[in-house]
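Data block below; observations after.
The values are calculated or read from the model by the stated rules, or taken from the named source; none is laboratory data. Predicted, not measured: the structure shown is a model, and the values here were computed from it. Cβ placement follows ideal geometry from the backbone for every residue including glycine, while neighbour counts extend to all protein chains displayed.
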């Protein structure tokens, strides 16, 4: 499965047609103010089974801090889009979307105040008339704020919601401690009526809302037998303030939990941030998640992206997917700074993943502290992870031009040959407000032509970077930049100059690329300890780096 990857289509407005990346389109402003948390799970984007992709989001009314319209948008495989207004109200931004057996949309929306926390159900049939019902009142049970809402559909087309409640609004005066004593609930209509159960009472991971507005700290999936699988991150209250990632399931009839990823001992590192839970085609749980080297002030300066696989009870395998940036970074150097992730398996059981940077500081440029988020896409191709940057936000020129990927979803369609990424891009516009706009990319899973006018800034020259880690034991990451679309050969040779493995031999687009070498030769056998050379050849460019494999 060799592919060429390209962000073919970029749409920034519900009112404009699909465009080749690089053309301009007026942004669809969703007015938000600091002090208002607007969280979405990955369930705000869903495919309806016919190749159509649905999106639910909240569009604020101009001049209002919390009043707006809940929007439902449908994108057909040919790129045409329809937009429908579902309802209007205050703070309807916590929405998730599911489709029933007939492909009809169902949107669940959470609202919170000091006396009650409500989830409303909006649904529409072929008549195109939206109906609604309130399915639960919490009346402050488990806290006064619904922090996060996730959703999944069961094999019987039942709906399942995962609801995270905190003791207070994280935008209140209590925001520094709102994470303490949180409650995780499961709500389902699988029995014909809506039934709520407590999954876990714990301290959720810090919000760090002053640095990162997004809040994807949990996920839910339902397997083919109707059992529930969840993941969530927990803060550990001790001097180092570490966190860890939990996995839970009700397969035995009761909820049982195990740690999927722990932080390293005696560090401040946070393990299990922004997790995405996915069941592969065999029902095996996988989680993609960020592991963060936390600093006391400013942003995280060093992150790792892990793919976790459940091998059995209380037995998780952790594979390092990415731990370096793609050439777009701030003053803290070439270190991947982590952020949102979304993991999907296609019908061939191949994993696909998107991930984005969060708040790598670009200080001291005009006292810039907040920053940008790239979108990077990876696929496990022929035994190695192949990455491509599909979107780069512009480097900020001042504090009020900082940006962030605020929400992000990946759709790998079984009905079409399209891979689609939907994102919410947050842009700071002043000292007390910012806007959000939808960004959308779609490309064919087959070979495509690559235009030279990609929306993303391209490297000025070809470069082969030093592999990391080096020395290494097991696997190492190799990154390289292409200034133009090129025929690329990336190979590994031994000390005698003999080629032992070809990692890449393909026509690739301009941009930043990365691949891992697992220390095996072309026959799949482990290479012995020793010095090896990685050689990049791209048209008339060639560069070599020395690598040390230690067993």
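Report, by residue number, each residue of region 88-98 that is buried (at least 16 other Cβ atoms within 10 Å of the Cβ) and not in a loop (DSSP other than H, G, I, E, B).
Result: 94, 95, 96, 97, 98.
Provide a single number: the residues in region 215-230 that are outside any strand (DSSP E or B) and under 16 Å from the mean Cα position of the chain (by Cα).
Counting residues in region 215-230 that are outside any strand (DSSP E or B) and under 16 Å from the mean Cα position of the chain (by Cα) gives 3.
Go through region 49-75 and count every residue that is closer than 19 Å to residue 444 by Cα and not in a strand (DSSP E or B).
4
Looking only at region 99-116, decide whether some residue is assigned to a strand (DSSP E or B), in contact (Cβ under 8 Å) with a residue 60 or more places away in the chain and surrounded by 13 or more Cβ atoms within 10 Å (Cβ to Cβ).
no
Quick check on my filter: what residues within region 475-499 are more than 18 Å from residue 462 (Cα to Cα) and buried (at least 18 other Cβ atoms within 10 Å of the Cβ)?
Within region 475-499, 476, 492 qualify.
Within the group 119, 170, 180, which residue is assigned to a loop (DSSP other than H, G, I, E, B) and buried (at least 18 other Cβ atoms within 10 Å of the Cβ)? It would help to see each step written out before you state the result.
Working: 119 fails: assigned to a loop (DSSP other than H, G, I, E, B); 180 fails: buried (at least 18 other Cβ atoms within 10 Å of the Cβ).
Just a single option satisfies the conditions, and that option is 170.
Looking at 82, 78, which is the one that is assigned to a strand (DSSP E or B) and farther than 29 Å from residue 117 by Cβ?
82
So, in region 299-343, of the ones that are touching a helix residue (DSSP H, G or I) at 6+ places or on another chain (Cβ under 9 Å) and crowded, with 19+ Cβ neighbours inside 10 Å, which residue ends up modelled with the highest pLDDT?
342
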